[in-house]
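*Asks:* Can you read through this structure? Questions will come right after.
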Amino acid sequence: MVAKLTHTRPRLVSKIGDVVFVEKDLLLLLLLSMRMHFWKRARLFWVKGWGLPRRKIDERIGTRLLKRAHSIKSQLGPKKYVPIDPYGFVKLSPSEITHVQTLPVDHPLAEHDGRFYKYCPGRLIDGDWDQAITPIEEAPLYLGLRERFVDGKPWDETLLHPNRYNISHPNLSERYNNYSVAEFHDRCEYLEKLYDSLETTGYSDPGNRNTLNELAINVGSDGQLIRNSEGIHRLMLARLLDLDYVFARIHVVHPEAVSDLESIVGRSD
């Protein structure tokens, strides 16, 4: 009688610290790790809107339903979402908006230009992000506009000229770096008209314009108002003209500043 030979596949054994894992344990750990990684990536994909999701969905849903959805989210998750409408506008003195958001460009919740993603408004976010800011009056864009409209310099002699424009962060408006001289002159003509319009009629009500394409403000832990996205030229020109107010929406708020929101929104009355 010939004995039947069997082949037993050796079990993979690994040791981490004082714990010994066999093959099935390692496989389970790998699957759990992959699952956690997947959901982390999925969350960032949704929050930041990489590709199409948030932007396209928001555009199709429309502001009215987005407002309703945020109201429900803020009731179900009061520690995650602001208790006010992030799609509505408030009137703010331009002098009260003192800084520009300049997050590290690799911040997990930031767009490539170092600001919070504009298609995900109304969040409460903890941390020291409100320290990653730049004073508006130190921004090259503001200094260049001041040279033109206060000091009376020709456009070609201002800091905005493509040959001398230099910024330390992309959210301080990097477009002037990429202009040709002809494009720069076209931009100057637009800015002259915008300045004249603001001087004559003031900061216009956004009306039915796309809400998320308007000036968005973050509120820091001490109630500081920080420009996040859009409207930077209008904001700076409004400061130079000493206008009474600009229209803005509240975007990201530090949890420690929630108690300040009522007074901020109340300024619109």
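Read-outs throughout are calculated quantities, based only on the coordinates presented, and are distinct from any laboratory measurement. Here the structure is a predicted model, which is why all the values come from computation and not from measurement. Using ideal geometry, Cβ is built from the backbone for each residue, glycine included, and neighbour counts are taken over all protein chains shown.
*Asks:* Beyond a 27 Å Cα-Cα separation, which of these cross-linked pairs lie in this structure: Lys118/Lys153; Lys67/Lys193; Lys153/Lys193?
*Replies:* Lys118/Lys153; Lys67/Lys193
*Asks:* How far apart, in nm, are two points set 7 Å out from the Cα along the Cα-to-Cβ line at Asp244 and at Asp151?
*Replies:* Reported label-point gap for Asp244 and Asp151 is 3.2 nm.
*Asks:* Taking the Cα centre as origin and putting +1 on Lys and Arg beta-carbons and -1 on Asp and Glu beta-carbons, what dipole magnitude results for the range 113-218, to the nearest 20 debye?
*Replies:* Charge dipole of the range 113-218: 240 debye, to the nearest 20.
*Asks:* Same structure, new question: Report the residues of the range 133-174 in range of a label on Ser180: point 7 Å along Cα→C-beta, backbone N strictly under 19 Å from it.
*Replies:* Under 19 Å, as judged by backbone N against the label point of Ser180, lie 156, 161-165 of the range 133-174.
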